[in-house]
Amino acid sequence: MRVLVTGSSGHLGEALMRTLPGSGHEAVGLDLLASPYTQAVGSVADRPLVRRALHGVDAVLHTATLHKPHLASHDRSAFVETNVQGTLTLLEEAVAAGVSRFVFTSTTSAFGRALTPAPGAPAAWIDESVTPLPRNVYGATKVAAEDLCELVARDEGLPCLVLRTSRFFPEGDDRDDVRTAYDTDNAQVNELLYRRVDLEDVVSAHLLALEHAPRLGFGRYVVSARTPLRRDDLAELRTDAPAVVRRLFPEYEDLYAARGWALFPGLDRVYDSAAAQEALGWTPRYDFRYALDRLAAGEPPRSALAELVGAKGYHPVSTGPYTVR
């Protein structure tokens, strides 16, 4: 297939552009920023540009977005233009071009306030049954874009799958207190328990979504590393996460101690990607168990693809750990 990848200069976009040719596809990149993986430079809200980019295209992987780090540098109207109007433009032009399938990269941030239980409550179990309660304009516009995908899928018959991906960025945490207390590898291995997914696994989920979209028609799926945690653990996870992990992985303490690492004392949510695994036949490889095995072997806990793509800036005006090289 000839596949249009929006956001081709970003983390996931570049990873998809690198991977698609090896999977037998021809990839065309579109992004606001020029890069070796971008053939069409401009906004996804630019209808004439999108129309040209879609010429001869069979499928769309729509990863382009304004992200959470842009909240400090872009106003709400910019989020609406890119995340909502840009998605609508792509959907409408994809239908007009006869595209056979459309995959939209959303985010678990869409769940927003549903991710933070009340004080004293158990950790939240987050799957597709949870109703999003957006916390900011980023989450609100991603939910709106998801709804547009469903609308066009139902009205126009364009097979469209929404993948709500958890964290896969390689930079340090966006919270100052976490960056201060935990080094990046420590924090990100911790997150594989409940709120992170490796870039290589995100790519494989997108490729499977391309394959299965015509059969599924429409669907929303949480895409996160396979969690070893269970609903029965939720109350204890909120107050004493190390106790739960110690029962499941008693060897973790020595591996962590050798590096001066620590688990987070409590977790507020657990992402469950079982529906994506079942619907797409997706088998995420880089989970907490795999990371421990890699650490024991003296190897990096993340995939070679994640190491290769590396830390990439989001935009010229960067905030916190998000810098542009």
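Bear in mind these aren't lab numbers, they're just calculated from the coordinates by the rules spelled out. Keep in mind that what you see is a predicted model, and the values were worked out from it rather than measured. Please note: Cβ atoms are built from the backbone with ideal geometry, for glycine as well, and neighbour counts cover all protein chains shown.
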Checklist entry - How far apart, in nm, are the 7 Å Cα→Cβ label points at Phe249 and Asp185? => result 1.4 nm
Checklist entry - What is the spin-label model distance, in nm, from Asp232 to Val95 if the labels are put 7 Å beyond Cα along the C-beta direction? => result 4.8 nm
Next on the checklist: Can you compute the charge dipole magnitude of the stretch 142-293 about its Cα centre, using +1 on each Lys and Arg Cβ and -1 on each Asp and Glu Cβ, nothing else charged? Give it in debye, rounded to the nearest 20.
Outcome noted: 320 debye
Checklist entry - Counting only complete DSSP H runs, which helices of the chain cover 24 Å or more along their long axis at the Cα atoms and score a mean Kyte-Doolittle of -1.0 or above? => result 137-156, 199-216
Checklist entry - Can you list the GluC sites (Glu not before Pro) in the stretch 182-276 that are in a DSSP coil and have 14 or fewer other beta carbons within 10 angstrom? => result Glu251
Checklist entry - What residue among Ser129, Ser109, Ser43 has the largest mean-square fluctuation in a Gaussian network model of the chain, using Cα springs under 10 Å? => result Ser129
Item to check | Modelled FRET efficiency - R0 45 Å, Ala262 with Asp75, Cβ distances, 0.05 increments | outcome: 0.70
Next on the checklist: Using a Gaussian network model on the chain with a 10 Å cutoff between Cα atoms, which of Ala96, Ala114, Ala205 fluctuates the most?
Outcome noted: Ala96
Checklist entry - How big is the shadow of the Cα convex hull of the chain, averaged over all directions, in nm²? => result 15.7 nm²
Checklist entry - Considering only Val197, Thr227, Leu151, whose Cα is most displaced toward the positive end of the charge dipole of the stretch 98-230, charges sitting on Cβ of Lys, Arg (+1) and Asp, Glu (-1)? => result Leu151
Checklist entry - Can you put Ser224, Ser35 in order, fewest other beta carbons within 10 Å first? => result Ser35, Ser224
Item to check | Check: the stretch 1-153 dipole with +1 on Lys, Arg Cβ and -1 on Asp, Glu Cβ, in debye | outcome: 220 debye
Item to check | For Val28, Val103, Val60, order by how many other beta-carbon atoms lie within 10 Å, fewest first | outcome: Val28, Val103, Val60
Next on the checklist: Between Glu156 and Asp240, what is 0.36 nm times their sequence separation minus the Cα-Cα distance? Round to one decimal in nm.
Outcome noted: 25.3 nm
Checklist entry - Under a point-charge model restricted to the Cβ atoms of Lys and Arg (+1) and Asp and Glu (-1), what is the dipole moment magnitude of the chain relative to its Cα centre, in debye to the nearest 20? => result 260 debye
Next on the checklist: Given points 7 Å out from each Cα along the Cα-Cβ axis, report the Asp127 to Met1 separation in nanometres with one decimal.
Outcome noted: 2.7 nm
